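Have a look at the structure below before the remarks.
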Amino acid sequence: AQSVTQPDIHITVSEGASLELRCNYSYGATPYLFWYVQSPGQGLQLLLKYFSGDTLVQGIKGFEAEFKRSQSSFNLRKPSVHWSDAAEYFCAVGDQSASYDKVIFGPGTSLSVIP
Amino acid sequence: NAGVTQTPKFQVLKTGQSMTLQCAQDMNHEYMSWYRQDPGMGLRLIHYSVGAGITDQGEVPNGYNVSRSTTEDFPLRLLSAAPSQTSVYFCASSYRGQGASEAFFGQGTRLTVV
């Protein structure tokens, strides 16, 4: 069955430090992959997506992610974290095996930023 | 540019009560969905719709009903609220299925059932 794991429930980084959030997926075919961010009290907003082509994907707010098929991973990175990046981050995989193109979300990683 | 609008933002219900969570989008999206978000579980799909007049069950449909009479509106009805339905509910819309295109989310409804 398709699934998404995010091994880190919570991460704390200092402002200005680099960030990497891990995501692993299980999917039989070439996946569509997403990263969403949820600020406190808000809905989810798309950071970036991978459908095909270049495996390094650029997103909004200075984020990027790299698709590694051999490792079934789609890790999110940012070279220098800002205090406003504190939020919940969700990795997701698109499941197109059924009649509806549904998305399967990981459990999320909560990011705290220390000033 | 409103996007996806959910009402109410907060609600407290007593066990057994019924209520409707409202969702409206102004992007002319065909696809709309309802999710619930629980700690450590990500978002789980309750019901979805691929167009006006067409709805189907998602992963956790029990205790919920939906209808889609217009492209814009997709209300979620709780028939007889139970404490297990305490959660944050999100409505989302997209150009096509959310596994193949960006989903736009409302700000959520925080529901507590006592």
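No value in this document is a laboratory result; all are computed from the given coordinates. Not measured: the values here are computed from a predicted model. In this analysis, Cβ positions are derived from the backbone assuming ideal geometry, glycine residues included, and neighbour counts consider all displayed protein chains.
Spatially, region B:23-81 and region A:1-38 are offset by 25 Å when compared through their Cα centroids. Efficiency by 1/(1 + (r/R0)^6): what FRET value for B:Asp56 and A:Lys68, r their Cβ-Cβ distance, R0 = 41 Å, to the nearest 0.05? Step by step, r from the Cβ atoms, then E = 0.75. Considering only A:Leu44, A:Leu76, A:Leu33, the mean-square fluctuation computed in a Gaussian network model of chain A, springs between alpha carbons under 10 angstrom, is largest for A:Leu44.
Of B:Val12, A:Val93, the sequence from fewest to most neighbouring Cβ atoms within 10 angstrom is B:Val12, A:Val93. Each residue in A:Asp54, B:Asp56 was given a count of other beta-carbon atoms within 10 angstrom of its own, and listing them fewest first yields A:Asp54, B:Asp56. Comparing B:Glu59, B:Glu30, B:Glu72 in a Gaussian network model of chain B (Cα springs below 10 Å), the most mobile by mean-square fluctuation is B:Glu59.
Computed from phi, the 3J(HN,Hα) profile of region B:31-42 under the Karplus parametrisation 6.51, -1.76, 1.60 (θ = phi - 60°) reads 9, 9, 8, 10, 10, 10, 10, 10, x, x, 10, x Hz, with x in place of Gly and Pro. As a proxy for reagent exposure, A:His82, B:His29 were ordered by neighbouring Cβ count within 10 angstrom, fewest first; the result is A:His82, B:His29. The label-point distance for B:Ser18 and A:Ser18, in a model that sets each label 7 Å from Cα toward Cβ, rounds to 5.7 nm. Within 11 Å, Cβ to Cβ, of B:Val88, how many net charges do the neighbouring residues add up to if Lys/Arg are +1 and Asp/Glu are -1? Neighbourhood net charge equals +2. Taking the alpha-carbon centroid of each part, what is the distance from region A:77-115 to region B:1-21 in angstrom? Measuring centre to centre over Cα atoms gives 25 Å.
For the residues B:Ala24, B:Ala82, B:Ala92, a GNM of chain B with alpha-carbon springs under 10 Å puts the largest fluctuation on B:Ala82.
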